Amino acid sequence: MIELTNVSKTFTLHNQGSAVIEVINDVSFSVAAGECVALTGASGAGKSTLMRMIYGNYLTQAGQIRIGDVDLVQAEPRQVIAVRREVLGYVSQFLRVVPRVPTLDVVAEPLRTLGVSAEVSQARAKALLGQLNIPERLWSLSPTTFSGGEQQRVNIARGFAHAYPAMLLDEPTASLDAKNREVVLSLIEEAKARGAAIIGIFHDEAARDRVCDREIDVSRFTPKVAA
Amino acid sequence: MTPLLSVQGVTKRYGAHIGCADVSFDLYPGEVMGIVGESGSGKSTLLNCMAGHLRPDAGQVVFDTRTDGPRDTITMSEPERRMLGRTDWAFVHQHARDGLRMGVSAGGNVGERLMAVGERHYGDIRDKATDWLGRVEIDASRVDDRPTTFSGGMQQRLQIARNLVTGPRLVFMDEPTGGLDVSVQARLLDLLRGLVRDMGLSAIIVTHDLAVVRLLADRLMVMKDGRVVEAGLTDQVLDDPQHAYSQLLVSSVLQV
């Protein structure tokens, strides 16, 4: 479902003396449907960079990143947009929303853009928000004023609203209490059971051991920098 | 799929000075594209060339018309281009005063565009105008008031209602949230996003506000000195800018 072939990335900082930083060198791996793979490595190893390359918000200099039958490295912007709408979900660490939009609409939006009716998408949003223990009185408010943990849960609800065939999860269990962590892990297990290919970053080792089938150490692909 | 708008090699000079040079891109139905750059980078010139307000010195602006398929709007006759401007195109000006008739009531402002496409029944026009005022969150009781009595944010929303009432397929926007305070801006962004999604609009938005394009636009073009220096997916250009100028632009944004 997700397949990386000889993928490399460098950053060129034009305004800092054109410094060129090699961050990822020659990565190849694939993730099958129903499989969950953890990216591991020390902070700064390039886990989030690799994940953003797979989502397409970081440009990849060389190689192929195939999601289903589309190569995101070569794809036109509109193809990437279509893949993100239908196939590839991403739960980032931070929630980014239009101010003033109610939480319920924020969570329902991915379904609305797929053309699902307002009733059906709202019903799904309500079910997810309820499952993730967001009190009902907050549903009509904008999540911009919520606590960090609440925002994180709204973000997860939004990410799981549509049954994406492929998903990227950036620390989905960070800053959650035991009860909500359990809910999120079961959502991941459900997604696996329906055949989603998942790539995740988990600092929480117990969570990683529970949902992930294997681990990929990203520091293997990071060019060694002379200290 | 046929692009809704295909821009090829558009160039506009002001004497020896370059307004915009050799700009090409395709816009597909339902896409929202942002154009950013500092003032003087040629983004408004480009927008005006595409919308038929300025005649470019070179290039083509091909629009997929409902009846005749793709046509170059630059070589089209003036009446045809004006017809497009009243039906399939809409233009939202930065200053609402430029896009509204200030001496005519709010309802009249919305109704005028309907009459321009042949609506004649007063009751129907008034109903549609009132409906649209509601959609842009202007109270129905203000339908007979002149826009001079409206706040800046209300004028901007009225301008949007006036433009969208005829169901255009392509909307040009020049700094639609410029000059509005942030709470009104947020409201307008929310409104625009809903309209784009529900009506399947395509839009080209010129702005210098990177936060606005991140929320509204699927794609982004960065302009400097009349040329496009970088183009791509909005979050890719903002998160991983490749060109020196885009990197400078993104790193210059103040954090709130």
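The values are calculated or read from the model by the stated rules, or taken from the named source; none is laboratory data. Note that the structure is predicted; figures quoted are calculated from it, not measured. Here Cβ is always computed from backbone atoms with ideal geometry, including for glycine, and neighbour counts include all displayed protein chains. Surface accessibility is based on the protein's heavy atoms, side chains included, excluding ligands, DNA and RNA. Shrake-Rupley method; radii C 1.70, N 1.55, O 1.52, S 1.80 Å.
General observations
- Between B:Arg101, B:Arg120, the distinction of being surrounded by fewer than 18 Cβ atoms within 10 Å (Cβ to Cβ), within 30 Å of B:Gly40 (Cα to Cα) and basic (Lys, Arg) belongs to B:Arg101 only.
- Residue within the range A:184-197 that is of a type in the set (Lys, Arg) and under 30 Å from B:Ala186 (Cβ atoms) present: no
- Residue list for the range A:185-210, restricted to those being in a helix (DSSP H, G or I), surrounded by fewer than 23 Cβ atoms within 10 Å (Cβ to Cβ) and either of a type outside the set (Lys, Arg) or free of Cβ contacts under 8 Å to residues at least 24 places away in the same chain (or both): A:Leu185, A:Ser186, A:Leu187, A:Glu189, A:Glu190, A:Ala193, A:Glu205, A:Ala206, A:Ala207, A:Asp209
- Within this structure, A:Gly34 passes the test of being surrounded by fewer than 19 Cβ atoms within 10 Å (Cβ to Cβ), closer than 21 Å to A:Ala166 by Cα and in contact (Cβ under 8 Å) with a residue 60 or more places away in the chain.
- Here B:Leu5 fulfils each of the conditions (1) touching a helix residue (DSSP H, G or I) at 6+ places or on another chain (Cβ under 9 Å); (2) surrounded by fewer than 20 Cβ atoms within 10 Å (Cβ to Cβ) apart from (2).
- Within the range A:161-184, being open to solvent by 10 Å² or more (accessible area, probe 1.4 Å) and of a type outside the set (A, V, I, L, M) holds for A:His162, A:Tyr164, A:Pro165, A:Glu171, A:Thr173, A:Ser175, A:Asp177, A:Lys179, A:Arg181, A:Glu182.
- For the range B:76-124, the helices (runs of 4 or more DSSP H) that sit wholly inside it and include 3 or more residues that are small (Gly, Ala, Ser) are B:106-116.
- Looking only at the range A:59-76, and only at residues there that are out of contact with any Ser or Thr (no Cβ under 6 Å at 6 or more places or on another chain) and open to solvent by 30 Å² or more (accessible area, probe 1.4 Å), the one that is nearest to the other protein chains (Cβ to nearest Cβ): A:Leu59
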